[in-house]
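The values are calculated or read from the model by the stated rules, or taken from the named source; none is laboratory data. As the structure is a computational prediction, the values presented were derived from the model and not from experiment. Reconstructed Cβ throughout: ideal geometry from the backbone, glycine too, with neighbour counts over all protein chains shown.
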Amino acid sequence: MIKWKSPTGEGEHALISPRKIVSEDLEKLLYTHDHVEYVEVPEGVDYVGPFPILSIQMREPARWKQVKLPSTVTRIRYHAFSSCLSLTSINFPASLEYIGYQAFTRTGLTTVDLTSTCVTRIDQSTFMDCQAFTDVDLSDTLLSIDLNAFCNCGNLTKVSMPITVEKLGADCFSKCPKLCVYLRLVG
């Protein structure tokens, strides 16, 4: 069951599959309950996405402000929260290993803290066009930041990452005029 809250009420929504959240779950949640602002994903779910969020939002944009992921999530797949402009808060559990292509493109997130995760790679365009971004702390396990990963995050002022990062993709921090990158020693 996905727990949800909105200005008009709260409740639970049954999942089609107990181990993942699929696009049909998202569509039912968005269109059965008006103005959902908080979503709590249940324990046992190991990945979220991909969602055809852009086609869903053509009918009504997701107004999610906060998403709570369980300790069992290992993967956030491509386009999982893309274009959720109202999304300002999400937790990243220690079990998280992978964040997919454009998973958080054009969200309202202001900070991202991946320090407690096992993420080794930030995929292409994962956080692109996040204009509210100011602060990002990356995992000590991180090895690669792909093409355009943080591109066009105009208010991003600080990225803290381990000195052990081996690959920075082209334009991974382009169009971030206020950015200062801090390298951390690991170990």
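What the table shows:
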read-out	value
Failed item, numbered, when residue 112 is tested on (1) assigned to a loop (DSSP other than H, G, I, E, B); (2) closer than 21 Å to residue 157 by Cα; (3) modelled with pLDDT of 95 or more; (4) not acidic (Asp, Glu)	(1)
Within the stretch 128-139, considering residues that are touching a Ser or Thr at 6+ places or on another chain (Cβ under 7 Å) and in a loop (DSSP other than H, G, I, E, B), the one nearest to residue 50 (Cα to Cα)	128
Options 140, 146; residue that is surrounded by 15 or more Cβ atoms within 10 Å (Cβ to Cβ) and in contact with a Cys (Cβ under 8 Å, 6 or more places away or on another chain)	146
Matching residues in the stretch 149-160 - criterion: being in contact with a strand residue (DSSP E or B) (Cβ under 8 Å, 6 or more places away or on another chain) and either among the hydroxyl-bearing types (Ser, Thr, Tyr) or surrounded by fewer than 22 Cβ atoms within 10 Å (Cβ to Cβ) (or both)	157, 158, 160
Considering residues of the stretch 84-113 that are surrounded by fewer than 19 Cβ atoms within 10 Å (Cβ to Cβ), out of contact with any Asp or Glu (no Cβ under 6 Å at 6 or more places or on another chain) and polar (S, T, N, Q) only, the residue nearest to residue 172 (Cα to Cα)	110
Filter result (under 19 Å from residue 43 (Cα atoms) and assigned to a loop (DSSP other than H, G, I, E, B)) within the stretch 69-80	69, 70, 71, 72, 73, 74, 77, 80
Residue in the stretch 118-125 that is out of contact with any Asp or Glu (no Cβ under 8 Å at 6 or more places or on another chain), among the aliphatic types (A, V, I, L, M) and within 16 Å of residue 103 (Cβ to Cβ) present	no
Conditions (1) closer than 24 Å to residue 120 by Cα; (2) at pLDDT 85 or above: number failed by residue 85	(1)
